[in-house]
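The values are calculated or read from the model by the stated rules, or taken from the named source; none is laboratory data. In this text the structure is predicted, and so the values were computed from the model without any measurement. Methodologically, a virtual Cβ is constructed for each residue, glycine included, from the backbone with ideal geometry; neighbour enumeration extends over all protein chains shown. SASA here: full protein model, heavy atoms, side chains in, ligands and nucleic acids out. Shrake-Rupley method; radii C 1.70, N 1.55, O 1.52, S 1.80 Å.
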Protein chains: 4
Amino acid sequence: MKVTVWNENRHEKTNEKVSEIYPEGIHGQLASFLEEAGYDTRTATLDEPEHGLTDEVLNESDVLVWWGHMAHEEVTEEVAEKVKQRVLDGMGLVVLHSAHFSKVFKKLMGTGCDLKWREADEKERLWVADPTHPITEGIGEYIELEKEEMYGEHFDIPAPDELVFISWFEGGEVFRSGATFKRGRGKIFYFRPGHETYPTYHNKEIQKVIINGVKWAANTNTPEPVRGNHQPLEEITKK
Amino acid sequence: MKVTVWNENRHEKTNEKVSEIYPEGIHGQLASFLEEAGYDTRTATLDEPEHGLTDEVLNESDVLVWWGHMAHEEVTEEVAEKVKQRVLDGMGLVVLHSAHFSKVFKKLMGTGCDLKWREADEKERLWVADPTHPITEGIGEYIELEKEEMYGEHFDIPAPDELVFISWFEGGEVFRSGATFKRGRGKIFYFRPGHETYPTYHNKEIQKVIINGVKWAANTNTPEPVRGNHQPLEEITKK
Amino acid sequence: MKVTVWNENRHEKTNEKVSEIYPEGIHGQLASFLEEAGYDTRTATLDEPEHGLTDEVLNESDVLVWWGHMAHEEVTEEVAEKVKQRVLDGMGLVVLHSAHFSKVFKKLMGTGCDLKWREADEKERLWVADPTHPITEGIGEYIELEKEEMYGEHFDIPAPDELVFISWFEGGEVFRSGATFKRGRGKIFYFRPGHETYPTYHNKEIQKVIINGVKWAANTNTPEPVRGNHQPLEEITKK
Amino acid sequence: MKVTVWNENRHEKTNEKVSEIYPEGIHGQLASFLEEAGYDTRTATLDEPEHGLTDEVLNESDVLVWWGHMAHEEVTEEVAEKVKQRVLDGMGLVVLHSAHFSKVFKKLMGTGCDLKWREADEKERLWVADPTHPITEGIGEYIELEKEEMYGEHFDIPAPDELVFISWFEGGEVFRSGATFKRGRGKIFYFRPGHETYPTYHNKEIQKVIINGVKWAANTNTPEPVRGNHQPLEEITKK
């Protein structure tokens, strides 16, 4: 399993709080526990040529993990389209937190992907809504985060194929915080937590969910549909 | 209920067979039975300024019906984006036949929307897969069309929110030929039949389904979500 | 539109608090605002012969509204099976609050339908999760109830066909509190609020949702599927 | 992975054609290729004590495969309820062909599970409707069976969580022939082919789908929900 972790890597360079929590960058932290879980993991960031997402990198990636926030608009149309196409062709995609507003996610959803938000050091509790789902393997019936950013409904996404987590927030909102989508031959997992100023990706349960999400999102040699003009498989009676 | 029927209106100008079947254009025929069903119906076509889809027209339309085929690429990005946005804001959308490949539908689906196809004068039988759905009101358990174009799986769409019809084709394929999707505050109905060289939109059962589809797709004064920064509704304990 | 409101009508007889809030019984209150909304409404209760649900009553009902709690086990198998069958045949069903544990709902879901619960005079806030849904017509983006019983996840139901509301509770839980299901030719709406010791069914927004739910659940002359042995519609080549 | 294959094993005893195709019984044939695929597989049949499904057997089974047809009614209520409960508790279930009418499947679906059928030695072609699904691993975009029994829509099941295959039949019908459902903590895969008088379970592609289905249906240590009375996780303000 080959995993690429993409991060815009901007907050880390300008916000000391962030670089203290994630000295190797958010991508470094994500890659670190994914590598430990046994995946062959590399990273790519916005400021690299082609944002680090060359055809070669994309073609070799079974799953792409995406974190972005302040620089969504700096991702070129070309790269965003290419990533979208790779997902439709079968690459898995794990979309984290503020990447709900990334070009790639918005293109794949077809909706605005907007939501309510608030930074108020408040408690989030993620409840498991689907206790059959392999993404919930090895965790309890909820995950508690002492301080996180709030995201609230209505989250402008298509109804997910599967709703895995629902979040409760101290300030009075709820959110569909773990959701899966299938697009083309690709599988997508959106997972809400991970505001840059909190140590969320150091949390072992959050790590477990992301590790599970990567595993779930990988394609397993499913059929490649043939499209376009098609000869009949049965004789057609000319009437 | 205000309905706008949009048609690229090109086959009608160049293919005699089409103009014989639809002397008032495909849009004229669609508008005719929708008007008869009691909807306040107007038409718009590709070659009008702004393709006939000014802000005023879009804002006044409860539901937009879309037929296009050979000229998808001539629809401007600007108009396609505006239509998409109106759907997210609550306008219903009924997408017919080859409009599976329209810019508007592809943007709203987030997928390639491709499929298998064949023109071979073959029989199509549309089976009702959801006998609770108001779109099936007043029809039998299947609709038979003596001659139609074939569309076959895999149809590259997200799993529909509701699967209303499944088609059987004489040449050996199947197709999810009636499917609903919700995007933002808007409801979308895709309905397969309607190749330009067959008199499909003169068929009373097909007309009934489209009339039902328009009714179903109209928004009924549902809440308008507020998004962006949000003040807490409950006190947040500073820890 | 003919609506029957069914209530076990037991708390009303033994708990003064309940009979003060609902002097005509919970069924009386529900019937009162449904009648006012223009539906031809009658009531039926547990202690009537056949629980008030004779074949005639069921066959004449377009939609059945169900409230039960302490006496689920007193509903006979025969009546529960008959109601289930009528739903599969096309009668709409609106299942309220503690009726999540009714025989009829459990039979139709195929799951245990259990949940977390607590009576603690706490606040519930129901967020709209599907702003396209006709059941949300005319309300805001959330409904607030100052005091209600808590129901918490995991709610043991199949993944709903549509998730309309998600509840936030003061004590830290969330709940899928408005959900639709299709079974056979019938449509089912589960709606959470309505603990007997709170005046929930006097709340105008709650009333609006139930009125909308009844309208949505009614069947609209959709096809009646034919099942069993079936002659071929096309010639089968004997090979 | 521990798999139990259950079969009523009746046709095999009375119909020579069946016993010629499946000299070890349908269960024997299913178990043979599942064992070969690396699963620890045993069989159980109707005429054994408790139908071979003791508490011990059920508790040890990660996945149960079920084939039944003429003797559904001979399965005791007690065993059917026990199997249903084990599925809700997390055992996977693969339901084959005529087991659509088994007590266990009907209880878990909540619907009638009826369909159209015909025995006419006709061709079936199963098209992949979900090319992301692990159940389709390693097969092509369709599977062709020269002769099978026909099952036709409307199949009286809840809308599946995932629609994996759609069948085309020579005689003019279609069928949702591969479908997944989640109930409680359990995963269910219904797969249509396998009429007793055809050598369907000797077909390598059909075997591959069943092997994949068993793998998919197994629970992977997901959370066990706690239900019932629940203490608040947050302080509730007494107003």
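In table form, for the structure just shown:
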| quantity | calculated |
| --- | --- |
| Residue in the range D:178-198 that is surrounded by fewer than 24 Cβ atoms within 10 Å (Cβ to Cβ), within 11 Å of chain C (Cβ to nearest Cβ), without any contact (Cβ under 8 Å) to a residue 12 or more places away in the chain and among the basic types (Lys, Arg) present | no |
| Residue in the range C:34-49 that is in a helix (DSSP H, G or I), more than 19 Å from C:GLU8 (Cβ to Cβ) and either at pLDDT 95 or above or basic (Lys, Arg) (or both) present | yes |
| In the range C:134-162, the residues that are surrounded by fewer than 21 Cβ atoms within 10 Å (Cβ to Cβ), touching a residue at least 40 places away in the same chain (Cβ under 8 Å) and either at the interface with another protein chain (Cβ under 7 Å from one of its Cβ atoms) or closer than 18 Å to C:SER102 by Cα (or both) | C:PRO134, C:GLU137, C:GLY138, C:ILE139, C:GLY140, C:ASP156 |
| Identity of the residue in the range C:107-148, of a type in the set (Ser, Thr, Tyr) and farther than 14 Å from B:ARG185 by Cβ, that ends up farthest from the chain's Cα centre (by Cα) | C:TYR142 |
| So A:VAL87, is it part of a strand (DSSP E or B), touching a residue at least 24 places away in the same chain (Cβ under 8 Å) and in contact with a strand residue (DSSP E or B) (Cβ under 6 Å, 6 or more places away or on another chain) | no |
| Filtered residues of the range D:199-239 (kept if acidic (Asp, Glu), open to solvent by less than 70 Å² (accessible area, probe 1.4 Å) and more than 7 Å from every other protein chain (Cβ to nearest Cβ)) | D:GLU205 |
| Candidate set: the range C:98-133, residues that are among the hydrophobic types (A, V, I, L, M, F, W, C), more than 9 Å from chain D (Cβ to nearest Cβ) and assigned to a loop (DSSP other than H, G, I, E, B); chosen: the one surrounded by the most Cβ atoms within 10 Å (Cβ to Cβ) | C:ALA129 |
| Test result for C:TRP66, among the hydrophobic types (A, V, I, L, M, F, W, C), open to solvent by 10 Å² or more (accessible area, probe 1.4 Å) and closer than 26 Å to C:PRO193 by Cβ | no |
| Residue in the range D:193-200 that is closer than 20 Å to B:HIS154 by Cα and at pLDDT 95 or above present | no |
| Filter pass, C:GLU170 being acidic (Asp, Glu) and either more than 11 Å from chain D (Cβ to nearest Cβ) or open to solvent by 10 Å² or more (accessible area, probe 1.4 Å) (or both) | yes |
| Some residue of the range B:2-11 being closer than 30 Å to B:PRO225 by Cβ and open to solvent by 40 Å² or more (accessible area, probe 1.4 Å) | yes |
